[in-house]
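The values are calculated or read from the model by the stated rules, or taken from the named source; none is laboratory data. It should be emphasised that the depicted structure is a prediction, and the values quoted were computed from it without experimental measurement. All Cβ positions, even for glycine, are placed from backbone atoms using ideal geometry, and neighbour counts span all protein chains on display.
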Amino acid sequence: MLTDPQKAGYETDGFLVIENFASERECNRLRARAAELVAGFYPSSSVSIFSTHEQTRTSDDYFLSSGDSIRFFFEEKAFDPQGALRHSTEQSINKIGHALHDLDPVFDKFSRVEKLRELVYDLGYKQPLLVQSMYIFKQPNIGGEVICHQDATFLYTEPMSATGFWFALEDATRENGCLWAIPGGHRAGLKSRFLRASSGGTCFSVLDSTGWPLDQLVPLEVTKGTLIVLHGLLPHMSLTNRSTKSRHAYTLHVIERDCDYPADNWLQRGPGMPFRSF
């Protein structure tokens, strides 16, 4: 699946861009299925808002129990001061997570295609486990910023083994909130862990308080169907979508079975649904 230059580039940069990985039909099928799921979602009086700026404050039970469920999370700016949605529900959802790949047949099929399996083994995995999936809407005008972070902060293993797979289901540009990454930033080590706090909720355990060299960020503008592979330690982010265009994406995260997955990681599953491979 991967050429030697691709492997070398990934080792150097910490990310790899593979164009035309998913077909137009595959992308459209995921988008259609996500629309069906949202159409069947009826918000309760207590809603969950996703924010990377105040993540510990917004880590409610609905969020913490989503590791083996399909849950819906709203954009930060989806509600007015009175608590009413500014737009329709389908234009207010930030993301769906975090077990689409195991619980929905359409996402399960896409997540376990042979070419993705081959790619994962090309990256050096021996016994890969799919641990998390998210459908990200990046809504027009209100699609929230995702601050600079490392995926291993949220999916920590010993030794580090997390890798992210980010599929562009629409063209991703600077205008509508494409990814930005720091080439080579994965070699700087892990800066923090996102944990379940012993007193309830979540907290960050800071390992390195130095700031990110944000002046080194480069935009990863890609076309529909492109896959971006993200090393678990790679610093990356996306800006607020202030355009009139959405930026739908689907993400998967993989870890190595033989690595330790601590019980204080925020994402956990019940005994009836262990992490599965391809």
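Going residue by residue through segment 137-157, is there one that turns out to be of a type in the set (Gly, Ala, Ser), closer than 30 Å to Gln91 by Cβ and at pLDDT below 95? Yes: one or more hits.
Scanning segment 1-24 for residues that are in a loop (DSSP other than H, G, I, E, B), over 21 Å from the mean Cα position of the chain (by Cα) and in contact (Cβ under 8 Å) with a residue 60 or more places away in the chain turns up Met1, Leu2.
I'd like to check something: does segment 269-278 contain any residue that is within 29 Å of Lys115 (Cβ to Cβ) and of a type in the set (Lys, Arg)? Yes: one or more hits. Name the residues in segment 164-198 that are in a loop (DSSP other than H, G, I, E, B), out of contact with any strand residue (DSSP E or B) (no Cβ under 9 Å at 6 or more places or on another chain) and either in contact (Cβ under 8 Å) with a residue 12 or more places away in the chain or at positive phi (or both), would you? Across segment 164-198, the qualifying residues are Gly184, Gly189, Leu190.
Which of the residues belonging to segment 136-178 are aromatic (Phe, Trp, Tyr) and more than 19 Å from Val17 (Cα to Cα)? Listed by number, the residues that qualify are Phe137, Phe154, Tyr156. One residue stands out among those in segment 66-120 that are in a loop (DSSP other than H, G, I, E, B), surrounded by fewer than 18 Cβ atoms within 10 Å (Cβ to Cβ) and among the polar types (S, T, N, Q): the one that is nearest to the chain's Cα centre (by Cα), which is Ser69.
The condition (being buried (at least 16 other Cβ atoms within 10 Å of the Cβ), modelled with pLDDT of 85 or more and aromatic (Phe, Trp, Tyr)) is satisfied by just one residue among Phe50, Phe21: Phe21. Number of residues in segment 237-278 that are in a strand (DSSP E or B) and free of Cβ contacts under 8 Å to residues at least 40 places away in the same chain equals 0.
For segment 199-229, filtered to residues that are in a loop (DSSP other than H, G, I, E, B) and small (Gly, Ala, Ser), the residue that is farthest from Arg25 (Cα to Cα) is Ser199.
Within segment 71-111, the set of residues being of a type in the set (D, E, K, R) and in contact with a strand residue (DSSP E or B) (Cβ under 8 Å, 6 or more places away or on another chain) comprises Arg71, Glu75, Glu76, Arg86, Lys95, Asp102, Asp104. When each of Gly67, Gly83 is tested for being modelled with pLDDT of 95 or more and small (Gly, Ala, Ser), the lone residue that passes is Gly67.
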